[in-house]
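I have placed the structure first, in the form of structure tokens, so that the comments after it can refer back to it.
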Amino acid sequence: MWKYEKKLEYPVNIKKKDLKRKTYHNAYCKGKWGDSRNYHISINSSVLGIEKTIDYLESFIKAKYELNG
């Protein structure tokens, strides 16, 4: 159902982007970057693989919206 594209980036570019995100987040948000209490769900996609992780997330989102209307 979901389509995704792999975009290749150099690890250095990813680390720079992550640092910018973290800095921005910590400056403007209450919770600190990476604090698991700020997340609804965290998944290691290597356990299920990409396709099954997508299916899992889709069912999680549907269930959440059913509960919250």
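When P(r) over Cα pairs in 10 Å bins from 0, in percent is calculated directly from the model, which label among [x] 19, 58, 22, 1; [y] 16, 31, 42, 12, 0; [z] 21, 63, 15 fits?
Recomputing P(r) over Cα pairs in 10 Å bins from 0, in percent here gives the entry labelled [y].
Hey, what's the chain come to in accessible area per residue, 1.4 Å probe, Å²? Don't skip to the answer; put the middle values down first.
Working: 6950 Å² over 69 residues.
Per-residue accessible area for the chain comes out at 101 Å².
Spin-label point model (7 Å from Cα, Cβ direction): what's the residue 36 to residue 23 distance in nm?
A separation of 2.9 nm, rounded to one decimal place.
Find how much the distance from residue 57 to residue 13 grows on full extension, using 0.36 nm per residue of separation minus their present alpha carbon separation; answer in nm with one decimal.
Difference between extended and current length: 13.1 nm.
How large, in percent, is the carbon and sulfur part of the accessible surface of the chain at a probe radius of 1.4 Å? Before the final figure, lay out each step's value.
Values: 3990 of 6950 Å².
The value for the chain is 57 percent carbon and sulfur by accessible area.
Accessible area of residue 14, 1.4 Å probe, to the nearest 10 Å²?
It works out to around 70 Å².
The values are calculated or read from the model by the stated rules, or taken from the named source; none is laboratory data. Being a predicted model, the structure only gives us computed values, none of them experimental. Every residue, glycine as well, gets a Cβ built from its backbone with ideal geometry; the counts of neighbours run over all protein chains shown. Surface accessibility is based on the protein's heavy atoms, side chains included, excluding ligands, DNA and RNA. Shrake-Rupley method; radii C 1.70, N 1.55, O 1.52, S 1.80 Å.
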